[in-house]
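Comments concern the structure below.
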Amino acid sequence: MIALGILLVLVLLLVVFGLLFRIQILTSIFSGSSAREIGTSNRVNAILFIIFMIVGGAAFAYSFIENYGKMNPPIASVHGFEMERLFWTTMIIIGIVFVLTHILLFVYSYKYQHKEGRRAYFFPHNNKIEIIWTVIPAIVMAGLVFAGWKEWTKITGPAPKDSVVLEVMGKQFNWLVRYPGRDQKLGVVNYRLIDATNEFGFDLSDKSGLDDFVAGEIHVPKGHPVLLKIRSRDVLHAVYMPHFRVQMYAVPGMPTKFWFTPTKTTDEMRAQLGNPKFNYELACNQICGRGHFAMKLNIVVDEPDDYVAWFAQQKSFSEQNPDVLANFQQKSDKLVEKENASAAAAVVTQAAKASL
């Protein structure tokens, strides 16, 4: 407590001395006895502005060129080319504005550094300039937003009827994938049924879910539309597939979707990159917790025939977990017996009332 008291006293003394110094300066200014001295540091700072602009600009250009390949992995989807065009159109426009603005910022700081006898020109308002720098950015932004909205509505709108459908669910800290079986209908799931075995929450009382199966990696056919049904089991995640230019949030309690058409198989991309170990990847790019780094899942793009063969080899969740299915059937049988008993009791009650 004593140390804290001493510290507070020292802070208060510094504040008081600062205020006294400030009052002295203001008094000298009003009395006309103050002489403002500008040393060489002002010119040094002006020169440093130019140096910073040149060195910083060169570093920015080097970093951009060096990492361009990492920022732009090869495109492997139909819509990816249009997304890439929109992205770089936006980057070029804002990049030009960014560079010009900063050149003017640094050059003006150097050119209009303090000099004795120079006074700034007071320029309070100009309607023409206000209109120009309001209308032009508004038109450009409206064009960019409209182009983006037009493409976005395509890839988040209704998917083609013959699309391959699969569901992706994010949870801390891995992805779960579910495919419909031969009926091509995803069954009902219920979060109350989730446990260590039934991680998706399959409700096997729904016949449409009896042939659904889970997979350890995503398989999709080349040249065929793929509809991703996306949801989260806990916190906010994001389905990010960079080579397909796919990005969509996985939101708890709010299913989302995204459809795309892959154009290159995994083997074709490996040959193109010269990397036999390459794999397409689904990653979470939202920091969702301590194990965020582990939220990755391989994606395999097959030739259509290979995809059909892979699909035929998969076993449904109910086949892999007969105990879970038996438990559902037992509960279902008990429910039917209960309903039958209730119906019989109702008939007896009605008959008794009729006899009276």
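Tabulated values for the structure
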{"quantity": "Residues of the range 250-282 satisfying the condition of being part of a loop (DSSP other than H, G, I, E, B) and surrounded by 13 or more Cβ atoms within 10 Å (Cβ to Cβ)", "calculated": "261, 263, 264, 265, 278, 279"}
{"quantity": "Selection status of residue 308, under 23 Å from residue 264 (Cβ atoms) and open to solvent by less than 100 Å² (accessible area, probe 1.4 Å)", "calculated": "yes"}
{"quantity": "Test: residue in the range 138-147 that is farther than 30 Å from residue 240 by Cα and modelled with pLDDT of 90 or more", "calculated": "yes"}
{"quantity": "Matching residues in the range 291-305 - criterion: being open to solvent by 40 Å² or more (accessible area, probe 1.4 Å), of a type in the set (D, E, K, R) and in contact (Cβ under 8 Å) with a residue 12 or more places away in the chain", "calculated": "296, 303"}
{"quantity": "Residues of the range 214-231 that turn out to be under 26 Å from residue 160 (Cβ atoms) and either open to solvent by less than 10 Å² (accessible area, probe 1.4 Å) or assigned to a loop (DSSP other than H, G, I, E, B) (or both), as a count", "calculated": "11"}
{"quantity": "Test: residue in the range 330-353 that is out of contact with any His (no Cβ under 7 Å at 6 or more places or on another chain), assigned to a helix (DSSP H, G or I) and modelled with pLDDT of 85 or more", "calculated": "no"}
{"quantity": "Number of the exception - residue 114 against (1) of a type outside the set (Asp, Glu); (2) over 30 Å from residue 275 (Cα atoms); (3) part of a helix (DSSP H, G or I); (4) touching a residue at least 12 places away in the same chain (Cβ under 8 Å)", "calculated": "(3)"}
{"quantity": "The one condition in (1) aliphatic (A, V, I, L, M); (2) touching a residue at least 40 places away in the same chain (Cβ under 8 Å); (3) outside any loop (DSSP other than H, G, I, E, B) that residue 75 fails to fulfil", "calculated": "(3)"}
{"quantity": "Answer residue from the range 61-83, given it is open to solvent by 80 Å² or more (accessible area, probe 1.4 Å) and modelled with pLDDT of 90 or more and is farthest from residue 260 (Cα to Cα) among those", "calculated": "62"}
{"quantity": "Qualifying residue in the range 84-92 (condition: loosely packed, with under 11 Cβ neighbours inside 10 Å and either within 27 Å of residue 50 (Cβ to Cβ) or without any contact (Cβ under 8 Å) to a residue 24 or more places away in the chain (or both))", "calculated": "yes"}
{"quantity": "Condition check for residue 285: assigned to a loop (DSSP other than H, G, I, E, B) and either open to solvent by 60 Å² or more (accessible area, probe 1.4 Å) or modelled with pLDDT of 95 or more (or both)", "calculated": "yes"}
{"quantity": "Top-ranked residue in the range 173-213 [being aromatic (Phe, Trp, Tyr) and part of a loop (DSSP other than H, G, I, E, B); ranked as most open to solvent (accessible area, probe 1.4 Å)]", "calculated": "173"}
{"quantity": "Count of the range 148-172 residues which are assigned to a loop (DSSP other than H, G, I, E, B), free of Cβ contacts under 8 Å to residues at least 60 places away in the same chain and either open to solvent by 30 Å² or more (accessible area, probe 1.4 Å) or among the acidic types (Asp, Glu) (or both)", "calculated": "2"}
{"quantity": "Number of the exception - residue 95 against (1) assigned to a helix (DSSP H, G or I); (2) in contact with a helix residue (DSSP H, G or I) (Cβ under 6 Å, 6 or more places away or on another chain); (3) not β-branched (Val, Ile, Thr)", "calculated": "(2)"}
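The values are calculated or read from the model by the stated rules, or taken from the named source; none is laboratory data. Note that the coordinates shown come from a computational prediction; the quantities given were computed from them, not determined experimentally. Quick reminder, even Gly has a Cβ in these numbers, built from the backbone with ideal geometry, and neighbours come from all protein chains shown. Only protein heavy atoms, including side chains, enter the accessible area calculation; ligands, DNA and RNA are left aside. Shrake-Rupley method; radii C 1.70, N 1.55, O 1.52, S 1.80 Å.
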